[in-house]
Every structure is written in C-alpha cells, then in structure tokens.
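**Q** Pasting a structure below so you can have a look.
None of the figures in this text is laboratory data; all of them are computed from the coordinates on show. Please read these numbers as outputs of a predicted model, since none were measured by experiment. Reconstructed Cβ throughout: ideal geometry from the backbone, glycine too, with neighbour counts over all protein chains shown.
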Amino acid sequence: MIKKCRVSSSKRDEMIEITNEVSEFVRVAGFSEAAVIVYCPHTTAGITINENADPDVKSDMIRRFDEMYPWSITQDKHEEGNSAAHMKASAMGASQQMIVQNGRLLLGRWQGIYFCEFDGPREREFYIKIVEG
C-alpha cells in the first residue's frame with residue numbers, strides 16, 4: 001500500500017511536520033502490525049524523525065546545518081549554486097522507517113516525522129509505503 005503526498009515549503013530551509021499525515025494513512029490502512037517507510041524523491045530535501053515538543057529544536061537544527069554547510073563557498077562548482085542543499089539532504093537522508101504496533105505508529109513520546117526542505121520555497125512530494133507483517 002503506497003500513498004503519494006504533497007508538501008509546500010515557504011522558506012529555503014524548513015522542517016515541516018508530517019506525523020499526522022503518516023499516522024492517518026496508517027489508521028486508514030487498518031493493519032495491526034506493519035512497517036512504514038516515508039521516502040523523499042528529491043536531492044535537496046530529506047526525511048527525519050526528531051523532537052516535536054520544542055520548536056527550538058527545529059530552528060537549532062536548521063541553524064547548525066547552515067553552519068556545517070554554508071551557502072557561500074566560492075569553491076563549489078555546481079551550476080545551480082545549491083550544493084549546500086545537496087549536502088544537507090544527504091546528511092539528513094531520503095527516508096525513515098517506522099514500526100506499526102496495534103494499528104498505530106510506534107514513535108517515542110517526543111518524536112515527530114519531518115519533511116526537511118533545504119532548497120525552498122518549493123512544492124514537493126513524498127511517499128508513504130506500508131508493508132504488512
């Protein structure tokens with residue numbers, strides 16, 4: 001079972017929580033025990049699981065990524081000028097896997113699932129795949 005989803009970013013770097021969308025797809029699918037994969041098919045965006053209780057975590061992560069992968073490196077040769085976005089997306093990863101137990105996502109108390117935009121604002125897509133078992 002697979003679902004194609006759309007997400008819109010409003011900034012160059014943004015972490016958009018998609019936990020509710022993934023949880024709802026899991027609920028509708030109706031599997032008691034399963035695995036869920038959330039996948040991003042873009043080279044300048046990614047998927048992560050991280051804290052969703054304190055919004056400062058998201059802003060701190062974005063700031064630290066900018067420190068590690070600054071946009072103003074004159075030695076970068078990529079014609080589009082977005083090598084920093086490619087580096088951030090590679091560090092974040094293109095997908096995350098989760099367990100479904102008793103029909104619900106098995107996430108920690110403070111965990112949320114995020115679509116991480118590093119080259120926005122843009123209209124993007126991601127996929128949710130459920131594998132029963």
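**Q** Run a plain Debye calculation on the chain (Cα atoms as equal point scatterers, no solvent) and give log10 I(q)/I(0) at q = 0.11, 0.20 Å⁻¹, rounded to two decimals, same order as the q list.
**A** -0.41, -1.12
**Q** Sticking with this structure for a sec: Please name whichever of N20, A85, M1 sits farthest to the positive end of the charge dipole of the chain, dipole taken about the Cα centre and charges placed at Cβ: Lys and Arg +1, Asp and Glu -1.
**A** M1
**Q** Now for a different question. Please label the shape of segment 84-133 as rounded, prolate or oblate, based on the square roots a ≥ b ≥ c of the eigenvalues of the alpha-carbon gyration tensor (a/c under 1.5 means rounded; beyond that, a/b larger than b/c means prolate, else oblate). Kindly include the intermediate steps, with their values, before the conclusion.
**A** Working: a/c = 2.47, a/b = 2.06, b/c = 1.20.
Note, shape of segment 84-133 comes out prolate.
**Q** Using a simple charge model, +1 on the beta-carbon of Lys and Arg, -1 on the beta-carbon of Asp and Glu, nothing else, what dipole does the chain show about its Cα centre, in debye to the nearest 20?
**A** Working: 16 positive and 20 negative charges, 66 e Å.
Once rounded to the nearest 20, the dipole reads 320 debye.
**Q** Straight-line reach from K77: which lysines have Cα under 22 Å away, leaving out those fewer than 8 places along the same chain?
**A** Answer for K77, where 22 Å is the Cα cut-off: K88, listed by chain and number.
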